[in-house]
1. Calculate I(q)/I(0) for the range 100-186 by the Debye formula, one identical point scatterer on each C-alpha and no solvent, and give its log10 at q = 0.12, 0.17, 0.24, 0.26 Å⁻¹ to two decimals.
2. What GluC sites (Glu not before Pro) does the range 98-186 have in DSSP loop regions with at most 14 other beta carbons within 10 Å?
3. In nm, give the distance between the simple-model label positions of Met163 and Leu67, each being 7 Å from the Cα along the Cα-to-Cβ direction.
4. Under 5 Å between amide hydrogens, which residues at least 5 positions from Arg127 or on another chain qualify, with H placed 1.01 Å from N in the peptide plane?
5. Name the residues whose placed amide hydrogens come within less than 5 Å of the amide hydrogen of Val105, ignoring near sequence neighbours (fewer than 5 apart) on the same chain.
6. Let me check against my output: what whole-number percent is the relative contact order of the range 99-173, with C-alpha pairs under 8 Å and at least 6 apart?
7. Once you have the Cα-Cα distance between Val119 and Leu45, take 0.36 nm times their residue separation minus that, and quote the gain in nm to one decimal.
8. Enumerate by residue number the trypsin sites (Lys or Arg not before Pro) in the range 106-186 meeting two conditions: DSSP loop (anything except H, G, I, E, B), and at most 15 other Cβ atoms within 10 Å of the site's Cβ.
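Laboratory data are not the source of any read-out in this text; all were calculated from the coordinates shown. Note that the structure is predicted; figures quoted are calculated from it, not measured. Quick reminder, even Gly has a Cβ in these numbers, built from the backbone with ideal geometry, and neighbours come from all protein chains shown.
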Amino acid sequence: MNPANPPTSPRSSAPALAIETLTDMNWSRFVQVSAVGILIPAAILAPVLLWALHFPEMTLWRSFVGLVKIFFVLVPMAVVVHGSRSGVEYLKRTICRIEVFEHGVEIRDGQGVLLGETVDGSARVSRANLKTNRGMYGAVALEYRGGKVLLTPPQFVGAYPGMPATHGTWRPVPEATYELLLRFAA
């Protein structure tokens with residue numbers, strides 16, 4: 001995305017006030033990366049380990065075998081930790097992209113296909129109460145064709161009185177985006 005040319009809505013030429021891309025772990029790619037991270041070192045180290053098993057009296061080789069076992073635990077853990085960082089896009093898949101304009105909110109999928117917008121009623125923004133194991137907090141529910149997303153600011157806000165609790169997965173969005181979405185909440 002070029003910051004000099006922010007995305008515009010097909011309905012108007014005004015740039016978006018806020019754009020948020022919600023991502024999730026792409027588990028098929030994660031399994032592929034983990035398998036490669038385990039199988040390649042295993043294929044390389046297997047002959048050495050087989051040779052070391054013939055000489056169990058050598059404590060140096062026992063230590064080496066112990067280190068290799070730890071290696072097979074640390075590689076997948078490193079992939080998980082590295083995959084959770086925001087810069088690693090290969091292990092992520094886009095759930096949706098939320099664009100907030102003056103006229104309303106548009107939700108698009110990872111390829112840019114419109115999933116819903118508040119202007120024509122195919123999407124709805126509403127206040128919601130999010131029930132977690134630590135309590136109940138205020139959130140914004142974004143309902144569109146294909147799903148529902150609960151959005152919270154980075155710092156939880158108090159629950160909205162008189163509303164039932166909603167369970168589900170929530171995604172944090174910046175405070176400014178949360179405030180913009182509240183303007184369109186029904």
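1. With no solvent term, the Cα-only Debye profile gives -0.34, -0.68, -1.24, -1.38.
2. For GluC sites (Glu not before Pro) across the range 98-186 that sit outside H, G, I, E and B with at most 14 neighbouring Cβ atoms in 10 Å, the list reads Glu102.
3. If labels sit at Met163 and Leu67, their model points lie 5.6 nm apart.
4. Under 5 Å from the amide H of Arg127: Ala141, Ala186.
5. It is Thr118, Val119, by chain and number.
6. Value for the range 99-173: 24 percent.
7. 20.6 nm
8. Answer in residue order: Arg134, Arg145.
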